[in-house]
Number of protein chains: 2
Amino acid sequence: MANKQKGANAERELYHLLNERGFACVRVAGSGMMENTSCDLLAGKKDVKYAVECKVTKNNAKYFDPEQIKNLMEFSGLFGVTPLIAIKFNRKGWFFTNPDNLSKTEKGLVISLEDIRQKGMTL
Amino acid sequence: MANKQKGANAERELYHLLNERGFACVRVAGSGMMENTSCDLLAGKKDVKYAVECKVTKNNAKYFDPEQIKNLMEFSGLFGVTPLIAIKFNRKGWFFTNPDNLSKTEKGLVISLEDIRQKGMTL
């Protein structure tokens, strides 16, 4: 299965997961292909609102383009929602973290499964 | 031009208009075709957040499916944003209103250009 399709499937899966947890949720049109890559999902309930960047990986760590994370932070700040990174690690399930927990490396921003297990959050 | 295309164009126009007015804004994926028609756009800045249902008409009044407005209200309540109706009247421009200003008729919910001029709001 192509990466793009895997990403879209993960996005839908997370959409339904957020719905099940009582969030109103939308998928953002054109995310992953348009110039204005703000976020993949927006979710809210009561006083909790997230702009979600959604990823899937078969590895034990996930790298991010710093530019994409910068866009997510700026969009979230302007909209007035909390930025959230959601990563589906194959056969391990979903993990969530604030972008602040990503580590800077030469290859970009990264978080390992180990780190997200420790520093990450549940919804 | 087909109605669906006109609707999509109006949605993009409103997206840019909201951006110009300082809102962070997203277009909702699948709006107008999916089962879960929550809203067309989500826009926010500081303490103001809207779930926007976006329409275009060449007439002097616009009708709405009550079910669609119900969905918009429920979604907005759950997400914690303000529901907003945005109508582009051909050659008159954009007008905005709270859904409470729609009138109930046998043909559904409706608002006239005259009414939205009086009762509507600016962004």
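The values are calculated or read from the model by the stated rules, or taken from the named source; none is laboratory data. Just so it is clear, the model here is predicted, and its values are computed rather than measured. Quick reminder, even Gly has a Cβ in these numbers, built from the backbone with ideal geometry, and neighbours come from all protein chains shown. Please note that ligands, DNA and RNA were not included when accessible areas were found on the heavy atoms of the full protein model with its side chains. Shrake-Rupley method; radii C 1.70, N 1.55, O 1.52, S 1.80 Å.
Per residue, chain A exposes an accessible area of 53 Å² to a 1.4 Å probe, with every protein chain left in place. Positive contributions from Lys and Arg (+1) and negative ones from Asp and Glu (-1), summed over other residues with Cβ under 13 Å from the Cβ of B:GLU11, come out at +3. The value of relative contact order for the stretch A:1-100, using C-alpha pairs under 8 Å at least six residues apart, is 22 percent. In the context of the full protein assembly, A:TYR50 retains an accessible surface of approximately 20 Å², using a probe radius of 1.4 Å and ignoring ligands and nucleic acids. Lysine pair count for chain A (Cα-Cα distance under 18 Å; residues 8 or more apart in sequence or on different chains): 29.
Between B:LEU14, B:LEU72, B:LEU109, the GNM of chain B built on Cα springs shorter than 10 angstrom shows B:LEU109 fluctuating the most. One decimal place: the segment A:LYS119-A:ARG12 gains 36.0 nm when fully extended, by the rule 0.36 nm per residue minus the C-alpha distance.
Here A:ASP40 sits with roughly 10 square angstrom of accessible surface, probe radius 1.4 Å.
With all protein chains in place and ligands, DNA and RNA left out, the 1.4 Å accessible area ranks A:SER103, A:SER76 as A:SER103, A:SER76, largest first. Summing charges over neighbours of A:ASN98, with a neighbour being any other residue whose Cβ is under 13 Å away from its Cβ, gives -2 when K and R count +1 and D and E count -1. Taking only alpha carbon atoms, the stretch B:64-123 gives an Rg to Rh ratio of 0.97, where Rh is the Kirkwood radius. If you take all other residues with their beta carbon under 10 Å from the beta carbon of A:GLY80, and give Lys and Arg +1 and Asp and Glu -1, the sum is +3.
For the Cα trace of chain A, dividing Rg by the Kirkwood Rh returns an Rg/Rh value of 0.92. Using a Gaussian network model of chain A in which every pair of alpha carbons under 10 angstrom is joined by a spring, one finds that among A:LYS46, A:LYS70, A:LYS62 the greatest mean-square fluctuation is at A:LYS46. Would you mind getting me the FRET efficiency between B:LYS58 and A:ASN98? Use the beta-carbon distance for r and R0 = 45 Å, nearest 0.05. So, using R0 = 45 Å, E works out to roughly 0.40.
When GluC sites (Glu not before Pro) are flagged only if DSSP places them in a loop and at most 11 other Cβ atoms lie within 10 Å, the longest unflagged stretch of chain A comes out as A:36-105. Counting Cβ atoms of other protein chains within 10 Å of each Cβ in A:21-27 and taking the mean gives 6. Counting only Cα atoms, the protein assembly as shown measures 60, 35, 32 Å along its principal axes, largest extent leading.
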